[in-house]
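**Student:** Pasting in a structure now, in structure tokens, and then I'll have a few things to ask.
The values are calculated or read from the model by the stated rules, or taken from the named source; none is laboratory data. On a predicted model such as this, the values are computed, not experimentally measured, just so you know. Backbone-built Cβ (ideal geometry, glycine too); neighbour counts: all protein chains shown. In case anyone asks, the SASA skips ligands and DNA or RNA and just uses the protein heavy atoms, side chains included. Shrake-Rupley method; radii C 1.70, N 1.55, O 1.52, S 1.80 Å.
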Amino acid sequence: MAVERTLSIIKPDATRRNLTGAVNAKLEEAGLRIVAQKRLRLTQEQAEAFYAVHKERPFYSDLCDFMTSGPVVVQVLEGEGAVARNREVMGATNPAEAAEGTIRKSFAESIEANSVHGSDSAENAANEIAFFFSGCEIVG
Ligand code: CMP
């Protein structure tokens, strides 16, 4: 399998509970390398743009409010099949359905406050990485 990159976001529910290190440990244990990382507070405009694909969904407005409610940590993860590997270690969107040992099973509070985001395809990963990082900020 090819070495890929994917975008990860540690969400406000996790930064509020000081879980950045605990999430990173699970990512690294899963064989993913954090090749870029920064902590920031999303503006409403940034959150709306980032989640634009969900614009028509009933949860869109609440999701954008939640994502701007506190700091996030945006990351680029690198590894063999990183997109799928990250989604595996994140677990299902709804923590009630997430497998044992996954980040969301271990830490998520709800389907909205679900601790992490991860790109769902290689194509979206490229777009999402470019949304937050310039090439020189990613050090493989
Ligand atoms: P994420 O991977 O960041 O992508 C979209 C987010 O919408 C998702 O994780 C959830 O946090 C959030 N969300 C809130 N409500 C729902 C819902 N009913 N179904 C799917 N996603 C939801």
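**Student:** Quick one: among VAL116, VAL53, VAL73, which has the greatest mean-square fluctuation in a GNM of the chain with alpha-carbon springs under 10 angstrom?
**Tutor:** Highest fluctuation of the listed residues: VAL53.
**Student:** What number, in nm² with one decimal, is the all-direction average of the projected area of the convex hull of the alpha-carbon atoms of the chain?
**Tutor:** 7.8 nm²
**Student:** How do the peptides 77-83, 36-42 rank, highest first, by the average count of neighbouring beta carbon atoms within 10 Å per residue?
**Tutor:** Descending packing order for the listed peptides: 77-83, 36-42.
**Student:** Could you size up the charge dipole of the chain around its Cα centre, putting +1 on the beta carbon of Lys and Arg and -1 on that of Asp and Glu, and report it in debye to the nearest 20?
**Tutor:** Dipole magnitude for the chain comes out near 380 debye.
**Student:** Helix-derived [θ] at 222 nm for the chain: sum -39500 (n - 2.57) over DSSP H runs of at least 4, divide by residue count, nearest 500?
**Tutor:** -10500 deg cm²/dmol
**Student:** Give me the percent of accessible area attributable to carbon and sulfur for the range 62-140, probe 1.4 angstrom.
**Tutor:** The value for the range 62-140 is 49 percent carbon and sulfur by accessible area.
**Student:** On average, how much accessible surface per residue is there in the range 17-81, in Å², for a 1.4 Å probe, leaving out ligands, DNA and RNA?
**Tutor:** On a per-residue basis, the range 17-81 sits at 53 Å².
**Student:** Still on this structure, I have one more. Under the definition of Cα pairs under 8 Å and six or more residues apart, what whole-number percent is the relative contact order of the chain?
**Tutor:** So the answer I get is 38 percent.
**Student:** Looking at the range 51-131, which trypsin sites (Lys or Arg not before Pro) are DSSP coil and have at most 15 other C-beta atoms within 10 Å of their C-beta?
**Tutor:** LYS55
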